[in-house]
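Structure first, then comments.
No lab work stands behind these numbers, since they all come straight from the coordinates. Not measured: the values here are computed from a predicted model. Backbone-built Cβ (ideal geometry, glycine too); neighbour counts: all protein chains shown.
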Amino acid sequence: MVLSMVEAIAPATSANLGAGFDVFGVALDVLFDRVLVERIVANKTIEITVDGEGAEEIPREPEKNTAGVVARELLKLSREKCGLRIKIHKGIKPGSGLGSSAASAAAAAVAINELLGLELNQLQLIETATLGEMASAGAPHADNVSAAILGDFIVITSRKPLEVLKLKLPPNVEFAIVSPEIKFNTSLARSVLPRKVALSSMIYNVSRAATFIAGITLNNIEIMGKGMNDMVVEPARAHLIPGLNHVKKKALDAGAAGVTISGAGPSVIALVDSKRADAEKIALTMVEAFDELGVKSRSFHAKPGPGAKVVRKE
């Protein structure tokens, strides 16, 4: 059966989770990008339209759009002599630190793989989606796209060759997330990172990342929270998010197990044990903390979610 259209969705994600810089990622069940791809029989062009959250910020040129880059790569692999019409509905605000570009790339990869009958495996889909990340982030990061495609929590154990572990988080894990309305440049957030790191800081971060994984294996969210402390990346980016330390303290006082910047920011994510605290209340507490500093924000609460999937095809 030759398909004419496939629609897929992919979730918001949070990367790093403290000390797991460019290595940890988690899929969230609260926000999604939706990508509909149609076959163009008449020509071999790639056409892109975008609506939804921050649509005005998304380029339509295929070489500058995450889904467009994915489409170009997958058409090269295909024997199909066709073009693609891509309709992106953004449910995830660009530049929020919640994997917006990764979601578009992941949903496009899953949809086009199905449409063209390529039968790529999940690692191949991740590699293709990381090329889409180049258009947005300037580098083929695999943390967000891996979480967006595989779902749940992932660890990048090797980049070349790509190796990804998927782990199931404890059942009572929830996240409280707040996104402040501030001007934020993701490329700037990457540029402020230190090029050299003190040995003591490296040791600290390795211990924290190991603690986070230990918390998962022990089914202990309190231990996971201790693993979210970071001595390298977050201190370098803290000045980009007004009131970050104030918001973190308020969340911890309200019962969060750990708090950190989500991805490059400016969103802030708190780990919550649902048996001990209310994620929605903690999210609202973080909103109030930003309000106290004159910064407007909006909040979400989420659980670890499934990865990208096809939702419709014809």
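Consider the range 147-164. How many of its residues are among the aliphatic types (A, V, I, L, M) and closer than 29 Å to ASP278 by Cα?
Qualifying residue count, the range 147-164: 6.
State whether the residues of the range 37-54 include one that is under 21 Å from PRO140 (Cα atoms) and in contact with a strand residue (DSSP E or B) (Cβ under 9 Å, 6 or more places away or on another chain). Walk me through how you get there before you give the answer.
So in the range 37-54, the residues under 21 Å from PRO140 (Cα atoms) come out as none.
Checking the range 37-54: not a single residue is under 21 Å from PRO140 (Cα atoms) and in contact with a strand residue (DSSP E or B) (Cβ under 9 Å, 6 or more places away or on another chain).
Report whether or not GLU234 is within 30 Å of VAL295 (Cα to Cα) and loosely packed, with under 15 Cβ neighbours inside 10 Å. Full working, then the answer.
Details: within 30 Å of VAL295 (Cα to Cα): yes; loosely packed, with under 15 Cβ neighbours inside 10 Å: no.
No: the conditions fail for GLU234.
What residue, among those in the range 98-134 that are among the acidic types (Asp, Glu) and in contact (Cβ under 8 Å) with a residue 24 or more places away in the chain, is nearest to VAL35 (Cα to Cα)? I'd like the intermediate steps shown before the answer.
Filtering the range 98-134 for residues among the acidic types (Asp, Glu) gives 114, 119, 127, 133.
Now drop any that are not in contact (Cβ under 8 Å) with a residue 24 or more places away in the chain, which leaves 114, 127, 133.
Values: GLU114: 13, GLU127: 18, GLU133: 16 Å.
This residue is GLU114.
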key: Considering residues of the range 214-231 that are under 22 Å from the mean Cα position of the chain (by Cα) and farther than 27 Å from THR186 by Cα only, the residue surrounded by the fewest Cβ atoms within 10 Å (Cβ to Cβ)   = ILE216
remark   = Cβ pairs under 9 Å, 6+ apart or interchain, first in the range 189-213 and in contact (Cβ under 8 Å) with a residue 24 or more places away in the chain, second among the hydroxyl-bearing types (Ser, Thr, Tyr), ordered by first then second residue, are PRO194/SER201
